[in-house]
Amino acid sequence: MYYIITAFDKENSLDLRMSVRTDHLAYAKEHDITVLAGPLLTEGDDPKPRGSMIIIEAADKEAAQAYADEDPYAKAGLFDKVTVRLWRAAIGKWLPSDD
């Protein structure tokens with residue numbers, strides 16, 4: 001099953017995000033369950049990360065929540081709010097074709 005994790009950074013936390021980024025990426029690579037991920041960005045001419053959107057494949061919501069809770073960003077206290085929701089792919093270029 002797929003789960004979408006959305007996480008919103010605390011105000012004025014860009015320095016914390018950047019200091020933990022390497023550990024966050026290593027964690028994702030180590031677990032190898034990420035389908036698609038990237039930062040949520042601020043608006044304007046010079047967008048900066050302000051949160052995360054991660055789609056993972058997990059056995060159940062508990063496993064997805066555990067993954068979110070153990071993320072180095074979460075453990076460092078970066079996030080103000082995190083949600084984990086069951087998700088189903090319906091359309092999109094990254095989906096396998098039916099050919």
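FYI, it's all coordinate maths here, none of it is from the lab. No experiment lies behind these values; they were computed from the predicted model shown. Neighbour counts run over all protein chains shown; Cβ positions are idealised from the backbone, glycine included.
Please arrange Ser13, Ser19 by how many other C-beta atoms lie within 10 Å of their C-beta, fewest to most.
Values: Ser13 20, Ser19 12.
Arranged by neighbour count, lowest to highest, Ser13, Ser19 become Ser19, Ser13.
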Can you tell me the 0 to 90 degree angle between the C-alpha axis of helix 14-31 and the longest principal axis of the chain, rounded to 10? 30 degrees
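For a quick check: sort Val35, Val20 by the number of other beta carbons within 10 angstrom, fewest at the front.
On the way: Val35 14, Val20 20.
Going from sparsest to densest Cβ surroundings: Val35, Val20.
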For Lys29, go through the lysines and keep the ones whose alpha-carbon is under 19 Å away, minus same-chain ones fewer than eight residues off. Lys75
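If you filter the range 1-80 for GluC sites (Glu not before Pro), then keep DSSP loop positions with at most 15 other Cβ within 10 Å, what is left? Before the final figure, lay out the partial values.
Details: sites: Glu11, Glu30, Glu43, Glu57, Glu62, Glu70; in loops: Glu11, Glu43.
Of the GluC sites (Glu not before Pro), the ones in loops of the range 1-80 whose Cβ has at most 15 other Cβ atoms within 10 Å are Glu11, Glu43.
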When the Karplus curve 6.51 cos²θ - 1.76 cosθ + 1.60 is applied with θ = phi - 60°, which whole-Hz ³J(HN,Hα) does each residue of the range 73-89 get, with x for Gly and Pro? 4, 5, 5, 7, x, 5, 8, 8, 8, 9, 10, 10, 9, 4, 9, 10, 6
Using only Cα atoms and rounding to the nearest 10 degrees, what angle (0 to 90) does helix 61-70 make with the longest principal axis of the chain? 30 degrees
Structure-derived Cα extents along the principal axes in Å: which label, when the choices are (i) 39, 29, 21; (ii) 47, 28, 17; (iii) 45, 33, 22: (iii)
Could you calculate the contour length gain from Ala90 to Lys29, that is, 0.36 nm times the residue separation minus the distance between their Cα atoms, to one decimal place in nm? 19.4 nm
Name the residues whose placed amide hydrogens come within less than 5 Å of the amide hydrogen of Lys48, ignoring near sequence neighbours (fewer than 5 apart) on the same chain. Thr42
If amide H atoms are built 1.01 Å from N in the plane of the peptide, which residues on other chains or at least 5 residues away come under 5 Å of the amide H of Asp9? Gly51, Ser52, Asp80
